[in-house]
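Asker: Quick one: this structure, given as structure tokens, is what I'll be asking you about.
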Amino acid sequence: MIEKTLKTTDGKILVRIPTVLNELTLGQMMAMQEKHYLDDLDAISILSGVPKEELNSVRNFEDFLVFGNYVMALSNQIKYLYDSDLIPSRITFTIGQKKVVVNVIRNLSVEPAGAFLAARDIIADEINEHISLYGEEDWREHFQPSLKACCSVLAHYFFCRVTGKRYDEYEAEDFCEEVKKLRVTEALPIARHFFTSYPNLLKQKIAFSQQFRLYWRKKQVSRRLKNSSI
């Protein structure tokens with residue numbers, strides 16, 4: 001971390017930002033990705049947690065220059081994080097004042113069925129959206145899931161084992177707020193593993209209920225044809 005006290009028009013503020021990826025959270029990275037236009041103060045605000053309104057009151061803009069090189073360095077490191085295969089064997093969550101350590105199991109199918117189905121749909125939608133925009137040819141080489149999708153997959157994946165609760169889709173989505181607190185160097189490689197391990201989700205499989213409805217319709221059509229021929 002690098003920190004500096006800056007003079008403002010009505011006092012002083014302490015600004016502290018990460019200098020290496022290991023200090024950056026998934027939530028901070030998501031906030032930067034979701035900004036349509038990210039200027040210098042936006043980046044410093046997200047990385048430091050200091051509201052942009054307060055940064056706007058700093059007397060001398062040159063005071064921010066000390067942070068510029070670190071912001072650039074972080075942005076360059078982030079590019080290569082998607083290619084990292086270094087998956088942690090365990091993750092520590094801090095829920096309130098309690099630390100919860102959970103092992104990372106790489107097979108989504110070992111989780112509750114509801115969690116697997118939710119994660120499967122998120123992965124499939126993300127892959128299909130990429131292909132609809134850029135085409136199917138060599139899609140694996142260029143595919144990078146959105147951080148929002150990564151966060152959502154991890155929320156469904158970790159929810160039960162971290163909280164000890166029965167799986168609930170809505171509570172799992174709310175658990176994204178806890179996932180955002182993870183270091184991006186931990187969270188992104190795990191999420192990337194799931195996205196790259198399920199290429200068969202390129203096209204959604206027909207659900208059991210859909211198969212049953214198709215079968216039932218065929219039976220009804222067959223009956224009508226038989227009745228009409230009598």
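Asker: Select the helices (runs of 4 or more DSSP H) contained entirely in region 99-180, then report the ones holding at least 1 residues which are of a type in the set (A, V, I, L, M), crowded, with 16+ Cβ neighbours inside 10 Å and touching a Phe, Trp or Tyr at 6+ places or on another chain (Cβ under 6 Å).
Answerer: On the way: elements: 113-134, 139-142, 147-163, 169-174, 176-179.
The qualifying helices (runs of 4 or more DSSP H) are 113-134, 147-163, 169-174.
Asker: When the residues of region 48-98 are narrowed to those that are of a type in the set (Gly, Ala, Ser) and assigned to a loop (DSSP other than H, G, I, E, B), which ends up nearest to the chain's Cα centre (by Cα)? Spell out the reasoning first.
Answerer: So the first thing to find is which residues in region 48-98 are of a type in the set (Gly, Ala, Ser), and the list is 48-49, 57, 68, 73, 75, 84, 89, 96.
Of the ones still in play, those that are also assigned to a loop (DSSP other than H, G, I, E, B) are 49, 57, 84, 89, 96.
Working: 49: 20, 57: 33, 84: 15, 89: 19, 96: 22 Å.
This residue is 84.
Conditions tested, residue by residue: (1) farther than 27 Å from residue 195 by Cα; (2) over 26 Å from the mean Cα position of the chain (by Cα); (3) not charged (D, E, K, R).
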| residue | (1), (2), (3) |
| --- | --- |
| 4 | yes, yes, no |
| 7 | yes, yes, no |
| 30 | no, no, yes |
| 39 | yes, no, no |
| 42 | yes, no, no |
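Bear in mind these aren't lab numbers, they're just calculated from the coordinates by the rules spelled out. Because the structure is predicted, anything quoted here is derived from the model rather than measured. Note that each Cβ is placed from the backbone with ideal geometry, even for glycine, and that neighbours are counted across all protein chains shown.
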